[in-house]
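Structure, as structure tokens:
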Amino acid sequence: MPMKILVCISAVPDTTSKISLSSNNFVNLDGLTLITGPYEDYALSRAIEIKEADPNNIEIVIFHVGPESSEAIIRKCLALGADSAVRVNTKANDSFQVAQEIACFVKENSFDLILMGKESIDYNTGLVHQYTASLLGWNHFSPVMNLDVINNSTCSIKVESSVGTVQLSSDLPLVLGCQEPIAEWKIPSMRGIMAARAKSIVLREPQIDFGLAYINDEVNDQKRKGQMFQRENLNELIEIIKKEVRA
Amino acid sequence: MKNIAAFIDINAGKLSSRSASIIHLIQGLQQINETPIKVDLYVFSPIDQIEIPTVSSVSLLEIVNLDDSGILSRNQIDAILSKFNSEGYDLLLGYKSTFVDSIMTRASTELKLPLIPQIVSIDLAPTEMMIKQSIFSGKALSNLKIGYASVLQFNPSFEYKSLHDSLIKVESEKLALPNSTSFSVSAINKVPQGANLADANYVVGAGRGLKDPSNWGMIEELATKLGAATACSKPVSDINWRPHSEHVGQTGIKIAPKLYIACGISGAIQHLAGVNGSKTIVVINNDPEAPFFKYADYGIVGDVFDVIPEIVKNL
């Protein structure tokens, strides 16, 4: 039996994107460049390295909750070396909804290892891996900085914890939230891009309703004072620092 | 609302400022509620007693027998959940941390309570709460209304005004967890600071402008004078001038101090994503074109090796 790895990815606007609202008062993603979340890129890169070491015994499936506009980045994940992909055809609304979609899919199709980023860079909750583990009753670690799979049954992991970094081993199945330096980001090869065209992206209908009903979004246009000092007025700045610390 | 459980943390023997805001919110919750609400405060570090802003019917529970690894195992979370079940909590409050995340997601799933993360502000109405969440690393906010039966997790910049100034002392009871069973640890590499950076009131950050790791003495001196934590930019932690635990930014720690002093950091958007929760930002950089000046409250164009020692001398 090959080992099956599910890599869950988010489609997020590039970090440098300027956020604006659409006419319905929610963040407008139209026209922004979407990328695979940087942490998920790390997770996928490590999955591919694991597969490269034992290509016939490892299968990588990409899982994504999001609309058709995400297909280009899913295709890129396939070009990097994932075997197939599943897209749940709905908006990713909240962490619990996404985790339930993942858990539902994993219960129908058995997997040994679920990898994702430690957090998505749009809503920054860092909860989807926690929730997924909770729904499946699996062990869970995050943020994972190093991962080795031993005999397709145990993972040796380096993880950041409240005391520092910890090297540990835990049996599969596992859910892991990943961060650097778990692997180097990869660039798709021409051969990978060609091969990806023949790989399937299976469309799946959503199984879960949204958990949270949002009213609207607003842009956080925090104004800073922007007061500049010359070197000869450094004393004035020092007085301000003193005041800030006393306040 | 029946019973509240809240996670609080302790910084140098005192209630942390992020936890003080959570207790202020509990004051507000007790005030709008007609029937008395019991409050259980959970803490993960050794504490016999602590002073907190006054709330009624409050207990302090110190969770003991934590694993040296700083990781909660599934069977330990099971034990905490069974306590939660027997106490019948219907409102859980907590700051953001891996420990708290792992308990809150389990509690949300098993007690069937919605979890709202990244909260920056709350207005309390008689039957529901109006909540603002930080999204896109603070570049935008989301608004939602939610009933009182829920799990609330606060962003470092969350604040709630205290309703009364008085303090009370609470003594802790111990809640012992079973030994962790689900993993085996082979090595632990402890990092001294890290944990406090996200809750620090004052932070001094430094970047590549410092030129060499041996130049961090003056940064540490400035931090000591201010009672501040030290932070660094991503390039500096990437080349191992400073530990990864000091890295502040999009992919590092998000800070929300009262004062952030950035020394020799250009202000890449990834760094700003980690510091935009700061109340006041002071930028020191010798490049007048550094983008950070656009996001500063106070800026000075000057050589860090000249300006910082001068500040240290005059504080």
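The values are calculated or read from the model by the stated rules, or taken from the named source; none is laboratory data. Predicted model, so just to flag it, every value in this text is computed and none were measured. All Cβ positions, even for glycine, are placed from backbone atoms using ideal geometry, and neighbour counts span all protein chains on display.
Numerical summary
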item	result
Strands (runs of 3 or more DSSP E) lying entirely in the stretch B:198-315 (those with 3 or more residues that are more than 28 Å from A:TYR123 (Cβ to Cβ) and within 11 Å of another protein chain (Cβ to nearest Cβ))	B:280-285, B:298-301
Residue within the stretch A:2-10 that is touching a residue at least 12 places away in the same chain (Cβ under 8 Å) and basic (Lys, Arg) present	yes
Pick from the stretch A:88-107, criterion away from chain B (no Cβ under 14 Å) and more than 27 Å from B:GLN133 (Cα to Cα), ranking: surrounded by the most Cβ atoms within 10 Å (Cβ to Cβ)	A:VAL106
Residue satisfying all of: in the stretch A:159-218; more than 9 Å from chain B (Cβ to nearest Cβ) and among the β-branched types (Val, Ile, Thr); surrounded by the most Cβ atoms within 10 Å (Cβ to Cβ) among these	A:VAL175
Failed criterion for A:ALA11 (all others in (1) under 18 Å from the mean Cα position of the chain (by Cα); (2) exposed (fewer than 15 other Cβ atoms within 10 Å of the Cβ) hold)	(2)
Test for B:LYS145: is it more than 14 Å from chain A (Cβ to nearest Cβ), basic (Lys, Arg) and either farther than 30 Å from A:TRP138 by Cα or surrounded by fewer than 20 Cβ atoms within 10 Å (Cβ to Cβ) (or both)	no
Lone unmet requirement of (1) in a helix (DSSP H, G or I); (2) among the polar types (S, T, N, Q); (3) within 13 Å of chain A (Cβ to nearest Cβ) for B:SER82	(3)
Failed item, numbered, when B:LEU29 is tested on (1) of a type in the set (A, V, I, L, M); (2) crowded, with 19+ Cβ neighbours inside 10 Å; (3) under 19 Å from the mean Cα position of the chain (by Cα); (4) modelled with pLDDT under 95	(3)
Restricting the stretch B:248-263 to residues that are of a type outside the set (A, V, I, L, M) and out of contact with any strand residue (DSSP E or B) (no Cβ under 6 Å at 6 or more places or on another chain), the residue that is surrounded by the fewest Cβ atoms within 10 Å (Cβ to Cβ)	B:LYS258
Test: residue in the stretch B:177-188 that is within 9 Å of chain A (Cβ to nearest Cβ), crowded, with 21+ Cβ neighbours inside 10 Å and in a loop (DSSP other than H, G, I, E, B)	yes
Count of residues meeting criterion [out of contact with any Leu (no Cβ under 9 Å at 6 or more places or on another chain), of a type in the set (Ser, Thr, Tyr) and within 16 Å of B:PHE7 (Cα to Cα)] in the stretch B:146-163	0
Selection status of B:ALA125, more than 8 Å from chain A (Cβ to nearest Cβ) and in contact with a Phe, Trp or Tyr (Cβ under 8 Å, 6 or more places away or on another chain)	no
The one condition in (1) of a type in the set (A, V, I, L, M, F, W, C); (2) without any contact (Cβ under 8 Å) to a residue 40 or more places away in the chain; (3) more than 8 Å from chain B (Cβ to nearest Cβ); (4) surrounded by fewer than 20 Cβ atoms within 10 Å (Cβ to Cβ) that A:LEU234 fails to fulfil	(3)
Complete set of residues in the stretch A:97-126 that are part of a helix (DSSP H, G or I), more than 13 Å from A:LEU6 (Cα to Cα) and among the β-branched types (Val, Ile, Thr)	A:VAL98
The lone exception for A:ALA82 - which of (1) touching a strand residue (DSSP E or B) at 6+ places or on another chain (Cβ under 9 Å); (2) at pLDDT below 95; (3) part of a loop (DSSP other than H, G, I, E, B) it fails	(2)
Filtered residues of the stretch A:127-137 (kept if surrounded by fewer than 24 Cβ atoms within 10 Å (Cβ to Cβ) and in a loop (DSSP other than H, G, I, E, B))	A:GLY137
Counted residues, the stretch B:87-119 - those being part of a strand (DSSP E or B) and touching a residue at least 40 places away in the same chain (Cβ under 8 Å)	5
Scan of the stretch B:105-115 for residues that are surrounded by 18 or more Cβ atoms within 10 Å (Cβ to Cβ) and more than 8 Å from every other protein chain (Cβ to nearest Cβ), ordered by number	B:ALA107, B:LEU113
Residue in the stretch B:123-137 that is free of Cβ contacts under 8 Å to residues at least 12 places away in the same chain, closer than 18 Å to B:GLY277 by Cα, surrounded by 20 or more Cβ atoms within 10 Å (Cβ to Cβ) and not aliphatic (A, V, I, L, M) present	yes
Residues satisfying the stated conditions in the stretch B:280-313, i.e. touching a Leu at 6+ places or on another chain (Cβ under 7 Å) and charged (D, E, K, R)	B:GLU310
Subset of the stretch B:45-61 (residues that are buried (at least 19 other Cβ atoms within 10 Å of the Cβ) and touching an Asp or Glu at 6+ places or on another chain (Cβ under 7 Å))	B:LEU60
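Each row is one residue, and each column tells you yes or no for (1) over 18 Å from the mean Cα position of the chain (by Cα); (2) farther than 28 Å from A:GLU232 by Cα.
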residue	(1), (2)
B:GLY207	yes, no
B:CYS232	no, no
B:THR251	no, yes
B:LEU259	no, no
B:PRO309	yes, no
